[in-house]
1. Report the convex hull volume per residue for the stretch 166-311, counting only C-alpha atoms, in Å³.
2. V71 to A91: FRET efficiency via 1/(1 + (r/R0)^6), r the Cβ-Cβ distance, R0 25 Å, to the nearest 0.05?
3. At R0 = 22 Å, how high is the FRET efficiency between V197 and S26 if r is their beta carbon distance? Nearest 0.05 is fine.
4. For the stretch 53-186, what is the convex hull volume of the alpha-carbon atoms per residue, in Å³?
5. Quick check on the chain: what are the equivalent-ellipsoid semi-axes from the Cα gyration tensor, as sqrt(5λ), descending, whole Å?
6. Output wanted: per-residue J couplings in Hz (rounded whole) for the stretch 249-255, from phi through Karplus 6.51 cos²θ - 1.76 cosθ + 1.60, θ = phi - 60°, x for Gly and Pro.
7. At a 1.4 Å probe, what is the % contribution of carbon and sulfur to the accessible area of the stretch 24-167?
8. What are the ³J(HN,Hα) values, in whole Hz, obtained from phi via the Karplus relation 6.51 cos²θ - 1.76 cosθ + 1.60 with θ = phi - 60°, for each residue of the stretch 72-85 in sequence order, with x given for Gly and Pro?
Amino acid sequence: MKTENSATDRHTIAVSGRREPLAPRSVTRSGTALAALGVTAFSLTFPATAWGLEGFGPWSLVSVRSVLAAVIAGASLLALRVPLPQRRHWAGLAVVAAGVVLGFPMLTTLALGTATTAHSAVVVGLLPLTTAVFSSLRTGARPSRTFWIAACAGAAAVIGFTVQQSGGALSRADLYLFAALLICAAGYTEGGRLAKVMPGWQVIAWALVLCLPIAVAGTAVALAYEPVRLTGHAVAGLLWVAAGSQFLGLVVWYKGMGLIGIPKASQLQLAQPLLTLLWSVFLLGEDLPVAAPLTALAVLVCIAVTQRSRG
């Protein structure tokens, strides 16, 4: 006679050609809540970076934020006496470090030197889709035709917005942002994969520690060439991007990804561009172009279709 528990154990779904157990509902709720907290933290990154640029140069802001975040991460690892990761995990941690700790912050900070946060938020609205694509390629999944049609439509909407806003040609800021999408998506994908075999907070903590020597050297050079003006906004922006965006936000984000999976977590980032647009109005007093929220909504629709499509 089959027991209820055995039936539950055999209740599975197909994922990337394999059959894996469905997560309990409580785990799904916890993972969704954690990933949503991460998205909220990320939505404040661009406005906080804009504040930070009021007192720091772009290279100084990125390097100092990385040092501060690495100090917090390293202190946490030492306090909890966390052992070193296994050798086979260091390659993935290096990808996380290159994409999330160094590449994305540097490229988006350079972009925000000339682009508004509203404009940048819409372009980066492709990040959930890009992450889903990277995740599918990394795990060997085969997205459906509907997925690719929606992906191309979303890309067309974003490219159309950026070209229209820059007067008919892509600007340097747009090139920075598109490069940031690719490198961050790779970092998110590897981090989400690692979060299934090690605690999510340790993923970003070790990635930050891995980058500490580079960040310290970069800070010394940047501060020697870029003047610093400590204002309330500059300090608040620096503290948020270091502690909130670079560490705490990624801690809950990777934990959530580990619980509910990379594709499902990426859906929650659909709200990030719209949240950033709202922050840019309330915190920075920016005027939104009509095309910005319309494009953001179009991208959300396209990404939602990709997440609902088969495969």
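The values are calculated or read from the model by the stated rules, or taken from the named source; none is laboratory data. None of these values were measured; they are calculated from a predicted model. Glycine gets a Cβ as well: all are built from the backbone with ideal geometry, and neighbour counts include every protein chain shown. SASA here: full protein model, heavy atoms, side chains in, ligands and nucleic acids out. Shrake-Rupley method; radii C 1.70, N 1.55, O 1.52, S 1.80 Å.
1. Working: hull volume 23.3 nm³, N = 146.
Value for the stretch 166-311: 159 Å³ per residue.
2. Numbers: r = 25 Å, r/R0 = 0.98.
Efficiency for this residue pair is about 0.50.
3. Working: r = 21 Å, r/R0 = 0.97.
It comes to 0.55.
4. Numbers: hull volume 16.9 nm³, N = 134.
Measuring per residue, one finds 126 Å³ for the Cα hull of the stretch 53-186.
5. Numbers: eigenvalues 205, 134, 50 Å².
That gives 32, 26, 16 Å for the three semi-axes.
6. Running phi through 6.51 cos²θ - 1.76 cosθ + 1.60 with θ = phi - 60° gives x, 6, 4, 6, 5, 5, 4 Hz.
7. On the way: 4110 of 6180 Å².
Exposed carbon and sulfur together represent 66 percent of the surface.
8. 4, 5, x, 4, 5, 5, 5, 4, 9, 6, 6, x, 4, x
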